[in-house]
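Structure record follows, encoded as structure tokens.
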Amino acid sequence: MIITITLNPSQDKTLQADGLKLNSVVRSDILKITAGGKGINVSRAVKRLEGDSLALTLLGGATGVGIISLLKNEGIVFHYTPIAGESRTCLSLIDSVKKTETVINENGPSVTQQEQQSFKSMYGLAIGKQDIVVISGSAALGIDNEIFFELIESAHEKGAVAILDASGDFLTAGIKAIPDVLKINKHELQRLAGKPLNSRPKIIEEMKTLSGLGIDRVIITDGGHQALALRGSEIWSVQPPRVEAVSTLGSGDCVSAALARGIERDMPFEETLVEAIAAGTQNALSYGAGFIDKDGVKKLSSLTTIKKL
């Protein structure tokens, strides 16, 4: 089973507001209203890749009720810890004239220590041996970043595989627990390294440092540009096909979903990498995070090139 973690879920609204201007009244059309948050996006993508997942999250208030309804409508299996605070709403403003996408994320609710403990208890009961746990994104206010360390440690104690896709202090804390798979983008790697990484050798050097900690697989994405992956002493470059992107929101989550599916199906790592990068690319062809199509991913996989360095 693939289990996803979303510690700050949202109701995501994608609006089209052409000719967007500041300090003005803007009328828009609603393109999509979906349940969101990186882990939920991963679960959606797993479902569309014909896999099963369990999304674990925290929900509260009227917005939380709305998210529950949206998840049920999509057939996404989930468990949640009730919280007193109001779950957040996030907006994506699409301007098809200016070719821009502006994302406005609410901070979200503050989660109490008791609510966090309830979530950890739910998490501990949900995970079993050989499960694949995808821990991604950040967390709501009040949640210490060390929770990422605890979740990965707990996954390992249960015999599960842990995939980490985070940023900032949550990334730093999670790495200390040595996830089995680390999937981050180039920007996050640079922030982690504390210096510019403006060449392939510099990126690979940092990847080797992470691998040296005991992380089995390290994957670094760079939008529509070449991705790099390292496992043991082997390094690959993966070139996604060129596409006319509509929205890149959630592409990284689709990469994580395909990585989890590849591990679940015991696919060769090279094949998994190709499918993962193709999934991220396919996501960029439509609005909303994780609304990929298996046949579309298969087609783009045939156009994705991989090379061992």
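The values are calculated or read from the model by the stated rules, or taken from the named source; none is laboratory data. On a predicted model such as this, the values are computed, not experimentally measured, just so you know. So basically every Cβ, Gly included, is an ideal-geometry build from the backbone, and we count neighbours across all protein chains shown.
Which ones in region 33-43 are touching a strand residue (DSSP E or B) at 6+ places or on another chain (Cβ under 8 Å) and either buried (at least 17 other Cβ atoms within 10 Å of the Cβ) or in a loop (DSSP other than H, G, I, E, B) (or both)?
T34, A35, G36, G37, K38, G39, I40, V42, S43
Scan region 54-73 and give yes if some residue there is among the aliphatic types (A, V, I, L, M), buried (at least 23 other Cβ atoms within 10 Å of the Cβ) and over 24 Å from A155 (Cβ atoms), otherwise no.
yes
Output the residues belonging to region 91-112 that are surrounded by fewer than 20 Cβ atoms within 10 Å (Cβ to Cβ), assigned to a strand (DSSP E or B) and either among the hydroxyl-bearing types (S, T, Y) or modelled with pLDDT of 95 or more (or both).
Once the filter is applied, which keeps residues that are surrounded by fewer than 20 Cβ atoms within 10 Å (Cβ to Cβ), assigned to a strand (DSSP E or B) and either among the hydroxyl-bearing types (S, T, Y) or modelled with pLDDT of 95 or more (or both), region 91-112 yields T100, T102, S110.
Quick one: in region 242-265, of everything that is modelled with pLDDT under 95 and not small (G, A, S), which residue is farthest from F291 (Cα to Cα)?
Here the residue is R242.
For G296, indicate whether it is of a type in the set (G, A, S), within 17 Å of G224 (Cβ to Cβ) and surrounded by fewer than 20 Cβ atoms within 10 Å (Cβ to Cβ).
yes
Right, M207: modelled with pLDDT of 95 or more, more than 19 Å from the chain's Cα centre (by Cα), part of a loop (DSSP other than H, G, I, E, B) and not aromatic (F, W, Y) or not?
When the stated conditions are applied, M207 does not pass them.
List every residue pair whose Cβ atoms lie under 9 Å apart, where the two residues are 6 or more positions apart in sequence or sit on different chains, the first residue falls within region 215-227 and is within 13 Å of A279 (Cα to Cα) and touching a residue at least 24 places away in the same chain (Cβ under 8 Å), and the second residue, located anywhere, is in a strand (DSSP E or B) and among the basic types (K, R).
If the second residue must be in a strand (DSSP E or B) and among the basic types (K, R), the pairs left are T221/K183.
Output the number of residues of region 210-225 satisfying the condition of being buried (at least 18 other Cβ atoms within 10 Å of the Cβ) and not in a strand (DSSP E or B).
Final tally of qualifying residues: 3.
Can you find a residue that is touching a residue at least 24 places away in the same chain (Cβ under 8 Å), within 20 Å of G280 (Cβ to Cβ) and small (G, A, S) anywhere in region 137-155?
Yes: one or more hits.
Scan K308, K202 and give me the residue that is basic (K, R) and over 30 Å from Q130 (Cα atoms).
K202
Given the options V111, V103, name the one that is within 22 Å of the chain's Cα centre (by Cα) and closer than 30 Å to L20 by Cα.
Of V111, V103, the one residue that is within 22 Å of the chain's Cα centre (by Cα) and closer than 30 Å to L20 by Cα is V103.
Sort out which residues of region 263-300 are closer than 17 Å to S53 by Cβ, without any contact (Cβ under 8 Å) to a residue 24 or more places away in the chain and assigned to a helix (DSSP H, G or I), and write them in order of number.
Residue satisfying the conditions is T272 alone.
Scan region 48-60 and tell me whether some residue there is under 19 Å from L93 (Cα atoms), touching a residue at least 60 places away in the same chain (Cβ under 8 Å) and charged (D, E, K, R).
no
List, please: which pairs have Cβ atoms under 7 Å, are six or more places apart or on different chains, and start with a residue in region 178-197 that is in contact (Cβ under 8 Å) with a residue 40 or more places away in the chain and end with one that is part of a helix (DSSP H, G or I) and surrounded by 19 or more Cβ atoms within 10 Å (Cβ to Cβ)?
P179/I152; V181/L259; K183/V255; K183/S256; K183/L259; N185/G252
If you take the residues of region 234-277 that are over 30 Å from K129 (Cβ atoms) and among the aliphatic types (A, V, I, L, M), which of them is surrounded by the most Cβ atoms within 10 Å (Cβ to Cβ)?
The qualifying residue surrounded by the most Cβ atoms within 10 Å (Cβ to Cβ) is L249.
Select from region 14-40 the residues that are of a type outside the set (G, A, S) and within 21 Å of L141 (Cβ to Cβ) and list them in ascending order.
K38, I40
Please work out which residue is surrounded by the fewest Cβ atoms within 10 Å (Cβ to Cβ), limiting yourself to region 1-25 and to residues that are outside any strand (DSSP E or B) and touching a residue at least 60 places away in the same chain (Cβ under 8 Å).
G19
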